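**Student:** Mind having a look at this structure? Questions to follow.
The values are calculated or read from the model by the stated rules, or taken from the named source; none is laboratory data. Computed from a prediction, not measured in an experiment: that's the story for all the values here. Note that each Cβ is placed from the backbone with ideal geometry, even for glycine, and that neighbours are counted across all protein chains shown.
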Amino acid sequence: LHTFARSIRARVAADAGRTAEALDHLERSSWGMVESIFEAEALDRYYRAELLSELGRHAEALDWYRTIAERATYELVYVAPARWRQGRLYENAGDRARAVEAYRTVTRVWREADPPLREIVTQASRRLRTLGAERSPEPETRLP
């Protein structure tokens with residue numbers, strides 16, 4: 001339960017504007033094989049990437065976003081949001097090819113998303129047009 005408590009403390013600190021403290025709580029967490037709350041680890045990894053990005057540690061954030069959906073199927077809910085964030089970071093860094101790849105994943109994975117989530121797909125499509133890559137290559141048969 002200490003790990004779960006750190007996760008909650010991280011969110012409280014971040015909500016209070018203490019991003020570095022929030023990240024520290026997550027960095028001191030040790031998920032391993034925590035019993036019934038194992039699924040929370042995926043959220044913490046996504047959240048850690050968000051905090052790193054907010055602190056300007058973009059390369060580290062990209063590394064954490066890349067870990068999403070590598071461990072279990074319940075992490076798939078984070079694929080599109082993580083790829084959206086990756087696309088933004090890659091685009092800001094001038095890496096057009098990786099940005100395009102990330103945005104295409106968003107539009108492919110969430111092409112039939114529920115209405116509240118469609119805005120991210122719309123934004124990703126807009127970014128693809130801006131980058132001159134509105135046409136998607138042949139659809140892939142696997143998730144990212």
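**Student:** With respect to the numbered conditions (1) in the same structural domain as ASP15 (by TED's automatic domain parsing); (2) within 30 Å of GLY17 (Cα to Cα); (3) modelled with pLDDT under 90, which one is the sole condition not fulfilled by VAL77?
**Tutor:** (1)
**Student:** Looking only at the stretch 89-103, which residues are without any contact (Cβ under 8 Å) to a residue 24 or more places away in the chain, in a helix (DSSP H, G or I) and not hydrophobic (A, V, I, L, M, F, W, C)?
**Tutor:** ARG98, GLU101
**Student:** Does VAL106 fit the bill of being modelled with pLDDT of 95 or more, outside the structural domain of ALA14 (by TED's automatic domain parsing) and part of a helix (DSSP H, G or I)? Outline the logic, then answer.
**Tutor:** On the way: modelled with pLDDT of 95 or more: yes; outside the structural domain of ALA14 (by TED's automatic domain parsing): yes; part of a helix (DSSP H, G or I): yes.
Yes.
**Student:** Could you list, ordered by first residue, the pairs with Cβ atoms under 6 Å in which the first is in the stretch 122-144 and modelled with pLDDT of 90 or more and the second is in a loop (DSSP other than H, G, I, E, B), at least 6 apart or interchain?
**Tutor:** As it stands, the answer is LEU128/GLU134, since those pairs meet every condition given.
**Student:** When you look at TYR78, is it surrounded by 15 or more Cβ atoms within 10 Å (Cβ to Cβ) and not basic (Lys, Arg), yes or no?
**Tutor:** Taking the combined requirement at face value, the residue satisfies it.
**Student:** So in the stretch 46-74, with the set limited to residues that are part of a helix (DSSP H, G or I) and at pLDDT below 85, which one is nearest to GLY17 (Cα to Cα)?
**Tutor:** In the first step, residues of the stretch 46-74 are kept if they are part of a helix (DSSP H, G or I); the result is 46-54, 58-66, 73-74.
With at pLDDT below 85 added as a condition, the list becomes 73-74.
Details: THR73: 32, TYR74: 29 Å.
Here the residue is TYR74.
**Student:** Determine which single condition ARG108 fails, assuming it passes every other condition in (1) crowded, with 17+ Cβ neighbours inside 10 Å; (2) under 15 Å from the mean Cα position of the chain (by Cα); (3) of a type in the set (Lys, Arg).
**Tutor:** All conditions pass for ARG108, except number (2).
**Student:** Now for a different question. May I ask you to verify whether ALA113 is within 21 Å of ALA69 (Cβ to Cβ), in contact (Cβ under 8 Å) with a residue 40 or more places away in the chain and among the aliphatic types (A, V, I, L, M)? Talk me through it step by step, then tell me what you get.
**Tutor:** Values: within 21 Å of ALA69 (Cβ to Cβ): yes; in contact (Cβ under 8 Å) with a residue 40 or more places away in the chain: no; among the aliphatic types (A, V, I, L, M): yes.
So ALA113 fails the test.
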